[in-house]
Amino acid sequence: QEQMRESGGGSAPAGGSLTLSCTVSSSNCYGWFRRPPGPGKSREAVAAIDNYGTTYYAESMKDRFIISKDNGENILYLQMNDLKPEDTAVYYCAAHWKWNLCQLQIGDYNWGQGTQVTVSS
């Protein structure tokens with residue numbers, strides 16, 4: 001099976017855009033999570049998508065971020081618009097058969113190694 005590989009991270013100014021991508025193994029649910037820098041910060045959900053094409057967003061992300069998936073090539077995307085400094089984090093893609101992932105819950109999923117996104121003021 002092809003390994004999950006995030007790409008597209010980097011630096012962007014506030015108000016800019018970035019698109020992340022990740023090759024994933026076939027599963028039931030797919031998602032993006034992130035870990036902000038600093039102490040006391042845990043991995044948090046950003047968005048998820050299931051095999052029916054239904055998308056799920058954390059409330060604070062839904063107006064700016066778009067999750068999509070190329071089902072033919074199993075590539076997961078996260079389009080991030082109107083970036084803010086608080087979006088700075090390591091972003092991880094995840095895949096699993098558990099519905100919990102689509103529910104934007106943290107769990108024992110298959111994870112990519114992460115890609116850094118840095119948004120400057």
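The values are calculated or read from the model by the stated rules, or taken from the named source; none is laboratory data. Note that this is a predicted model, so its numbers are computed, not measured. Glycine gets a Cβ as well: all are built from the backbone with ideal geometry, and neighbour counts include every protein chain shown. Quick note on the areas: whole protein, heavy atoms, side chains included, nothing else; ligands and nucleic acids left out. Shrake-Rupley method; radii C 1.70, N 1.55, O 1.52, S 1.80 Å.
Things worth noting here:
- Euclidean distance between Cα centres, the stretch 103-120 to the stretch 64-97, Å: 9 Å
- Fraction of accessible area attributable to carbon and sulfur, the stretch 45-121 (%, probe 1.4 Å): 45 percent
- Between the listed residues Ile75, Val117, Phe65, the Cα displaced farthest toward the positive end of the dipole of the stretch 26-121, a dipole computed from Cβ unit charges relative to the Cα centre, is found at Val117.
- Peptide ranges 97-108, 19-30 listed from the most packed, as the mean C-beta count within 10 angstrom indicates: 19-30, 97-108
- Couplings 3J(HN,Hα) of the stretch 48-59, computed from phi: 9, 8, 10, 6, 8, x, 6, 10, 9, 10, 4, 4 Hz, in residue order, whole Hz [Karplus 6.51 cos²θ - 1.76 cosθ + 1.60, θ = phi - 60°; x for Gly and Pro].
- Per residue solvent-accessible surface (Å²) - the chain, probe of 1.4 Å: 52 Å²
- Charged-residue dipole, Cβ positions (Lys, Arg, Asp, Glu), the chain about Cα centre, Debye nearest 20: 220 debye
- Full extension of the chain segment joining Asp63 with Trp97 gains 9.6 nm, where the gain is 0.36 nm per residue of separation less the Cα-Cα distance.
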